[in-house]
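Taking it in order: structure first as structure tokens, then the write-up.
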Amino acid sequence: MTTHSNGMLDAVTIGEAMAMFVARETGDLAAAESFIKRIAGAELNVAIGLARLGLKVGWVSRVGDDSFGRFTCQQLDKEQVDHRQVTTDNRYPTGFQLKSKVDDGSDPLVEYFRKGSAASHLSVEDFNHDYFGAARHLHLSGVSAALSDSSLELSKYAAKEMRSLGKTISFDPNLRPVLWSSEREMVKQLNLLAEYADWVLPGEKEGKMLTGYSQPEAIADFYLDKGVKAVIIKTGCDGAWYKTSTGEKGQVEAIRVENVVDTVGAGDGFAVGVISALLEGKSLPQAIKRGNKIGSLAIQVIGDSEGLPTRAELGDF
């Protein structure tokens, strides 16, 4: 890996961190009496995953002046994620969530307590030109875009600035319809954001919701026509399908998993694999293969980032 004595970052991302309490026993959350405390957040999962692979990653956010905010920064230190641009905002709290425990591969129930959180007050003021300019790559997701109007504005501003600096940008739509005023607004804003990206990473259902098309190729063409360089569509059990602006296309098979424990975080794991490999100069099929591999590891454990591998755990894959 390259050394970064000059403060250079491989990647930077913007998002919200929440304390996450995962029930220790399966069943209704109301009946759960004990919980395991973890950290959660889509962009944060990606930052942690990239850092575990040895990349130098910055994560930009706001946290409250509270124990959850301190917990977030402690976890970032542990994971060696740069958080110099995380502001402690003493006016608003750090959000948290409760997550049910499942062991049958179904989606766990998650209850969010994030309204009015410190991160929802992210704005263009949180964009430090020198800090972002020192990064090779920007990763954005539809979650931070959905937090508030000012947070959406920050995502767009960051994308525009990083594009003008010639940096690469990845975008995972990560749809959260409940956070938007309407589905129409969500579709409009996320498609505008996607136009800035080099690599767009929707799930098949997300792609259909955002473009109105159900075939992977039609979904890909929708974004390629707007100037995106590659569209990688997660197709569940089938793995992923991709198409590039040069017309290269194909399917990369999924990695079979015997025991699916918790599906949350699979998409973030996939993004970690794809982004890390592309930043290392690997081919798109190789990158997707790594994405499928890390996604498959993420769903075999409880927790959002627990399954994300170190470089050694990834092996020669």
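Considering the range 126-159 alone, what residues qualify as being in a helix (DSSP H, G or I) and basic (Lys, Arg)? Selection gives Lys156 alone.
Among the residues of this structure, Ala218 counts as one that is farther than 29 Å from Thr26 by Cβ, part of a helix (DSSP H, G or I), open to solvent by 10 Å² or more (accessible area, probe 1.4 Å) and aliphatic (A, V, I, L, M).
Which pairs do you get when a residue that is of a type in the set (Val, Ile, Thr), found in the range 176-194, comes within reach of a residue that is assigned to a helix (DSSP H, G or I) and at pLDDT 95 or above, reach meaning Cβ atoms under 6 angstrom, with the pair 6+ apart or on two chains? From residues that are of a type in the set (Val, Ile, Thr), the pairs are Val187/Leu210.
Rundown of residues vs (1) closer than 19 Å to Gly265 by Cβ; (2) touching a residue at least 40 places away in the same chain (Cβ under 8 Å); (3) part of a loop (DSSP other than H, G, I, E, B), yes/no style:
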site: Trp59; (1), (2), (3): yes, yes, no
site: Val63; (1), (2), (3): no, yes, no
site: Arg70; (1), (2), (3): no, no, no
site: Arg91; (1), (2), (3): no, no, yes
site: Leu98; (1), (2), (3): yes, yes, no
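Within the range 74-93, the set of residues being open to solvent by 10 Å² or more (accessible area, probe 1.4 Å) and of a type in the set (Val, Ile, Thr) comprises Val86, Thr87, Thr88.
Selection of the range 178-210 for residues being outside any helix (DSSP H, G or I) and in contact with a Gly (Cβ under 8 Å, 6 or more places away or on another chain) yields Glu195, Leu201, Gly203.
Filtering the range 55-73 to residues that are open to solvent by less than 10 Å² (accessible area, probe 1.4 Å) and of a type in the set (S, T, N, Q) leaves Ser61, Thr72.
Out of all the residues in the range 34-54, is one or more touching a strand residue (DSSP E or B) at 6+ places or on another chain (Cβ under 7 Å), among the basic types (Lys, Arg) and surrounded by fewer than 16 Cβ atoms within 10 Å (Cβ to Cβ)? The answer is yes, given that some residue of the range 34-54 is touching a strand residue (DSSP E or B) at 6+ places or on another chain (Cβ under 7 Å), among the basic types (Lys, Arg) and surrounded by fewer than 16 Cβ atoms within 10 Å (Cβ to Cβ).
At least 2 residues being open to solvent by 10 Å² or more (accessible area, probe 1.4 Å) and of a type outside the set (Phe, Trp, Tyr) is the threshold, and among the strands (runs of 3 or more DSSP E) wholly inside the range 222-281 those reaching it are 240-244, 249-252.
The values are calculated or read from the model by the stated rules, or taken from the named source; none is laboratory data. Note that the structure is predicted; figures quoted are calculated from it, not measured. Please note: Cβ atoms are built from the backbone with ideal geometry, for glycine as well, and neighbour counts cover all protein chains shown. Note: areas computed on protein heavy atoms with side chains; ligands, DNA, RNA excluded. Shrake-Rupley method; radii C 1.70, N 1.55, O 1.52, S 1.80 Å.
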